[in-house]
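To start, the structure itself, in structure tokens.
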Amino acid sequence: MLVGLVWGYWHLPANLAGYNDPQHPVRTALFIFPCFTVAFAFVLAWLFKRSGSVWPAALAHAANNNLSARPLMMPCSWAAEQTGGLLSALVVGLIGVMLLVRAHRLR
């Protein structure tokens with residue numbers, strides 16, 4: 001969780017400048033983006049622990065960056081984008097937690 005928070009707030013200057021959300025940069029920078037990074041950190045941790053290598057996590061991060069750029073190119077409503085992003089972060093985070101718990105139990 002700590003890594004996800006650090007990762008989320010590491011992007012604070014860019015997000016406050018409106019990089020990910022020019023309509024509501026403060027809300028995105030302080031709440032929405034850190035929620036996503038905490039959730040995604042669990043998935044990346046599982047990939048690293050499962051493989052023993054940083055490369056699967058790095059590739060997942062790159063894939064996420066490429067897929068998340070789609071709304072920047074094809075904008076829809078702000079509420080739809082943020083709701084979808086938060087719901088997907090919740091699902092991804094829950095899957096990551098379940099994978100980490102399962103991997104821990106198998107040891």
(request) Can you tell me how much longer the chain between residue 12 and residue 95 gets when fully stretched, taken as 0.36 nm per residue apart minus their C-alpha distance, in nm with one decimal? (result) 27.3 nm
(request) Quote to one decimal, in nm, the extra length available between residue 54 and residue 30 on full extension: 0.36 nm per residue of separation minus the C-alpha distance between them. (result) 5.9 nm
(request) Starting from the coordinates of the alpha-carbon atoms of the stretch 1-55, obtain the Kirkwood hydrodynamic radius over all distinct pairs and give the value in Å to one decimal. (result) 11.6 Å
(request) Just subtract the alpha-carbon distance of residue 66 and residue 102 from 0.36 nm times their residue separation and send over the number in nm, one decimal. (result) 10.1 nm
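FYI, it's all coordinate maths here, none of it is from the lab. Just so it is clear, the structure is predicted and the values come from calculations on it, not from any experiment.
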